[in-house]
Amino acid sequence: MTDVYQLGAVFYELFTGRPPFEGQPFEVMKQIESGESTPPSEIADVPAALDDILLRTLATEKAERYESVLYLRDDLQELFDRS
C-alpha cells in the first residue's frame, strides 16, 4: 500500500530528522529502487528494533511492506510498550 510507504517515510523523518532518501532526483530514484535507506538507529538515538519496522514500511516490494497500517501501528505499540 502506498499509504504504508508514505507513512513510513514521514515516520522515518520524524524519528531521524531527515528523509529516508537524499540527493539529486536521479540518485533518490536509484536509492528507492534498491532500498538503500540507512537504518534509523545509525542516524538518531532510537532503538535498533525501530529499524526493522521503519525499513519494512519503505520496502521496494509491496509484498514486503505491512499489509495494513494497523499492523504497523501494532508493531510500533509493542516496541514502545517494551521501552
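Observations on the structure shown:
- Among (1) among the aromatic types (Phe, Trp, Tyr); (2) part of a helix (DSSP H, G or I); (3) free of Cβ contacts under 8 Å to residues at least 60 places away in the same chain, the one test that Phe21 misses: (2)
- Top-ranked residue of segment 1-12 - restricted to ones that are buried (at least 16 other Cβ atoms within 10 Å of the Cβ) and in contact with a helix residue (DSSP H, G or I) (Cβ under 7 Å, 6 or more places away or on another chain), ranked as modelled with the lowest pLDDT: Tyr5
- Segment 25-75, subset touching a residue at least 60 places away in the same chain (Cβ under 8 Å) and of a type outside the set (Asp, Glu), residue nearest to Phe15 (Cα to Cα): Leu72
- Filtered residues of segment 47-83 (kept if closer than 14 Å to Asp3 by Cα, surrounded by 12 or more Cβ atoms within 10 Å (Cβ to Cβ) and hydrophobic (A, V, I, L, M, F, W, C)): Leu54, Leu58, Ala59, Val69, Leu72
- Residue in segment 13-46 that is surrounded by the fewest Cβ atoms within 10 Å (Cβ to Cβ), counting only those that are touching a Phe, Trp or Tyr at 6+ places or on another chain (Cβ under 9 Å) and within 21 Å of Arg82 (Cβ to Cβ): Ala44
The values are calculated or read from the model by the stated rules, or taken from the named source; none is laboratory data. Predicted, not measured: the structure shown is a model, and the values here were computed from it. Ideal geometry is used to build each Cβ from the backbone, glycine not excepted, and the neighbour counts take in all protein chains shown.
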